[in-house]
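Enquirer: Handing you this structure, nothing more for now.
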Amino acid sequence: MLLLAAAFLVAFVLLLYMVSPLISPKPLALPGAHVVVTGGSSGIGKCIAIECYKQGAFITLVARNEDKLLQAKKEIEKHSINDKQVVLCISVDVSQDYSQVENVIKQAQEKLGPVDMLVNCAGMSLSGKFEDLEVSTFERLMSVNYLGSVYPSRAVITTMKERRVGRIVFVSSQAGQLGLFGFTAYSSSKFAIRGLAEALQMEVKPYNVYVTVAYPPDTDTPGFAEENKTKPLETRLISETVSVCKPEQVAKQIVKDAIQGNFNSSIGSDGYMLSSLTCGMAPVTSITEGLQQVVTMGLFRTIALFYLGSFDSIVRRCMMQRAKSEIADKTA
């Protein structure tokens with residue numbers, strides 16, 4: 001009886017692997033495609049633009065700093081594979097005024113054609129204890145990280161649905177899967193992106209438009225270097241428990257997942273574990289992916305409990321050290 005059950009399970013799994021490719025979205029062809037990257041003047045955004053350009057895409061870079069945009073344009077153009085490719089630069093703050101963002105997208109489409117893939121990479125991070133952060137910090141991060149993704153997506157979605165083709169990428173963070181000390185403002189803005197992405201995917205999937213949410217870990221970018229200047233000790237020590245990724249590595253994975261139409265994009269073993277743990281009711285691209293999540297959930301939850309215990313230990317040690325220092329200062 002056990003052998004029969006085992007044989008049935010194996011046959012079922014094999015069937016899932018065979019059927020899975022039939023229900024997966026058709027990959028997006030990047031040669032000749034128009035890719036818009038917000039926050040594309042540096043860091044992960046610039047590397048994503050380079051990766052797409054290497055594969056023959058036309059690129060529109062959107063960011064606030066015009067000088068950085070022009071510098072990024074020069075770097076990206078070095079990777080062209082034909083003389084027809086174009087890199088268009090547009091300076092605008094994607095988080096401030098929807099009408100401006102809409103006009104920018106229209107300009108880009110008039111010059112390079114309809115947007116085939118939008119990568120929402122504009123964002124920023126500010127950390128600090130909840131009671132130490134100004135209320136304006138929460139407002140600013142929600143504006144930049146969340147509305148800065150809503151506005152460009154809103155500007156391209158109608159055309160994508162009409163054409164029955166498109167990819168929208170939201171760059172969240174592992175801090176958008178797990179709330180950490182010092183990230184009460186940052187994590188909440190990145191968690192919001194996931195909610196937007198899940199609801200949007202359900203709306204646009206019948207139109208052959210697919211959404212990808214990327215959850216990169218700490219990545220060696222100018223933004224990360226700036227973030228480290230103000231991180232609380234606890235946040236810094238927790239961050240040091242994992243290695244820092246290269247932006248090129250992150251960009252390649254994001255582009256690969258977006259092309260395939262994968263809803264989730266994660267980096268490394270920690271990223272894979274986090275994505276399985278936090279999958280909840282998130283969409284899956286294949287039956288295989290769903291099965292893997294079901295099988296690994298219990299094991300990953302056990303491992304996660306050890307991680308959480310170590311993070312709590314770091315916070316407690318810092319609190320005790322701070323208390324000792326305060327007592328020492330008073331008795332000095």
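Enquirer: Against the condition more than 30 Å from Lys106 (Cβ to Cβ), at pLDDT 95 or above and buried (at least 19 other Cβ atoms within 10 Å of the Cβ), how does Phe181 come out, does it pass?
Expert: Working: more than 30 Å from Lys106 (Cβ to Cβ): yes; at pLDDT 95 or above: yes; buried (at least 19 other Cβ atoms within 10 Å of the Cβ): yes.
Here the answer is yes, as Phe181 does meet what is asked.
Enquirer: Pairs, please: C-beta under 9 Å, at least 6 apart or cross-chain, first residue of a type in the set (A, V, I, L, M, F, W, C) and modelled with pLDDT under 95 and in the range 68-90, second in a loop (DSSP other than H, G, I, E, B) and loosely packed, with under 14 Cβ neighbours inside 10 Å?
Expert: As it stands, the answer is Ile81/Pro31, since those pairs meet every condition given.
For (1) open to solvent by 70 Å² or more (accessible area, probe 1.4 Å); (2) modelled with pLDDT under 95; (3) touching a Gly at 6+ places or on another chain (Cβ under 6 Å), each residue gets a yes or a no:
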{"site": "Leu126", "(1), (2), (3)": "no, yes, no"}
{"site": "Glu134", "(1), (2), (3)": "yes, no, no"}
{"site": "Thr137", "(1), (2), (3)": "no, no, no"}
{"site": "Leu141", "(1), (2), (3)": "no, no, no"}
{"site": "Asn145", "(1), (2), (3)": "no, no, yes"}
{"site": "Ser149", "(1), (2), (3)": "no, no, no"}
{"site": "Val156", "(1), (2), (3)": "no, no, no"}
{"site": "Gly166", "(1), (2), (3)": "no, no, no"}
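Enquirer: Here's another thing I want to ask about it. Could you grab the pairs with beta carbons closer than 9 Å, sequence gap of 6+ or different chains, first residue in the range 212-232 and farther than 18 Å from Glu134 by Cα, second one modelled with pLDDT under 90 and among the hydrophobic types (A, V, I, L, M, F, W, C)?
Expert: Close Cβ pairs (under 9 Å, with a partner that is modelled with pLDDT under 90 and among the hydrophobic types (A, V, I, L, M, F, W, C)) amount to Pro217/Val242; Asp218/Phe224; Asp218/Val242.
Enquirer: Conditions: (1) at pLDDT below 95; (2) β-branched (Val, Ile, Thr); (3) in a helix (DSSP H, G or I). Ile193 meets all but one. Number of the miss?
Expert: (1)
Enquirer: Just to be sure I understand, how many residues within the range 153-186 are under 15 Å from the mean Cα position of the chain (by Cα), under 27 Å from Val242 (Cα atoms) and not in a loop (DSSP other than H, G, I, E, B)? I'd like the intermediate steps shown before the answer.
Expert: Keep residues of the range 153-186 that are under 15 Å from the mean Cα position of the chain (by Cα), which gives 153, 167-178, 186.
Narrowing the set further to residues that are under 27 Å from Val242 (Cα atoms) leaves 169-178, 186.
Then keep just the ones that are not in a loop (DSSP other than H, G, I, E, B); that gives 169-171, 174-176, 186.
Total satisfying the criteria: 7.
Enquirer: For the subset of the range 51-60 comprising residues that are touching a His at 6+ places or on another chain (Cβ under 9 Å) and of a type outside the set (Val, Ile, Thr), which member is surrounded by the most Cβ atoms within 10 Å (Cβ to Cβ)? Walk me through it before giving the result.
Expert: Going residue by residue through the range 51-60, those that are touching a His at 6+ places or on another chain (Cβ under 9 Å) are 51, 53-54, 57-60.
Imposing the further condition that a residue be of a type outside the set (Val, Ile, Thr) reduces the set to 51, 53-54, 57-58.
Working: Glu51: 22, Tyr53: 23, Lys54: 16, Ala57: 27, Phe58: 23.
Across the range 51-60, the extreme among qualifying residues is Ala57.
Enquirer: With the requirement that a residue be open to solvent by 60 Å² or more (accessible area, probe 1.4 Å), closer than 14 Å to Ile50 by Cβ and of a type in the set (Lys, Arg), what does the range 61-77 give you?
Expert: Hit for the range 61-77 is Lys74, nothing else.
Enquirer: OK, next. Just need a number here: residues in the range 44-73 that are more than 24 Å from Leu28 (Cα to Cα) and touching a strand residue (DSSP E or B) at 6+ places or on another chain (Cβ under 9 Å).
Expert: Of the residues in the range 44-73, the ones more than 24 Å from Leu28 (Cα to Cα) are 63-72.
With touching a strand residue (DSSP E or B) at 6+ places or on another chain (Cβ under 9 Å) added as a condition, the list becomes 63-66, 69-70, 72.
Residues in the range 44-73 being more than 24 Å from Leu28 (Cα to Cα) and touching a strand residue (DSSP E or B) at 6+ places or on another chain (Cβ under 9 Å): 7 in total.
Enquirer: Collect the residues in the range 89-145 that are touching a strand residue (DSSP E or B) at 6+ places or on another chain (Cβ under 8 Å) and among the small types (Gly, Ala, Ser), keeping them in residue-number order.
Expert: Initially, the range 89-145 is screened for residues touching a strand residue (DSSP E or B) at 6+ places or on another chain (Cβ under 8 Å), giving 89-92, 94, 104-105, 107-109, 111-123.
Selection gives Ser91, Ala108, Gly113, Ala122, Gly123.
Enquirer: Of these, Ser41, Ser99, Ser80, which one is open to solvent by 30 Å² or more (accessible area, probe 1.4 Å), touching a Lys or Arg at 6+ places or on another chain (Cβ under 9 Å) and not basic (Lys, Arg)?
Expert: Numbers: Ser41 fails: open to solvent by 30 Å² or more (accessible area, probe 1.4 Å); Ser99 fails: touching a Lys or Arg at 6+ places or on another chain (Cβ under 9 Å).
Going through Ser41, Ser99, Ser80 in turn, just one is open to solvent by 30 Å² or more (accessible area, probe 1.4 Å), touching a Lys or Arg at 6+ places or on another chain (Cβ under 9 Å) and not basic (Lys, Arg): Ser80.
Enquirer: May I pose another question? For the range 290-300, which residues satisfy the criterion of being open to solvent by less than 40 Å² (accessible area, probe 1.4 Å) and under 24 Å from Ala175 (Cβ atoms)? Before the answer, list the steps.
Expert: Pass one, the range 290-300, residues open to solvent by less than 40 Å² (accessible area, probe 1.4 Å): 290, 293, 296, 300.
Across the range 290-300, the qualifying residues are Gln293, Thr296, Phe300.
The values are calculated or read from the model by the stated rules, or taken from the named source; none is laboratory data. Predicted, not measured: the structure shown is a model, and the values here were computed from it. All Cβ positions, glycine included, derive from the backbone under ideal geometry; neighbour counts span all protein chains shown. In case anyone asks, the SASA skips ligands and DNA or RNA and just uses the protein heavy atoms, side chains included. Shrake-Rupley method; radii C 1.70, N 1.55, O 1.52, S 1.80 Å.
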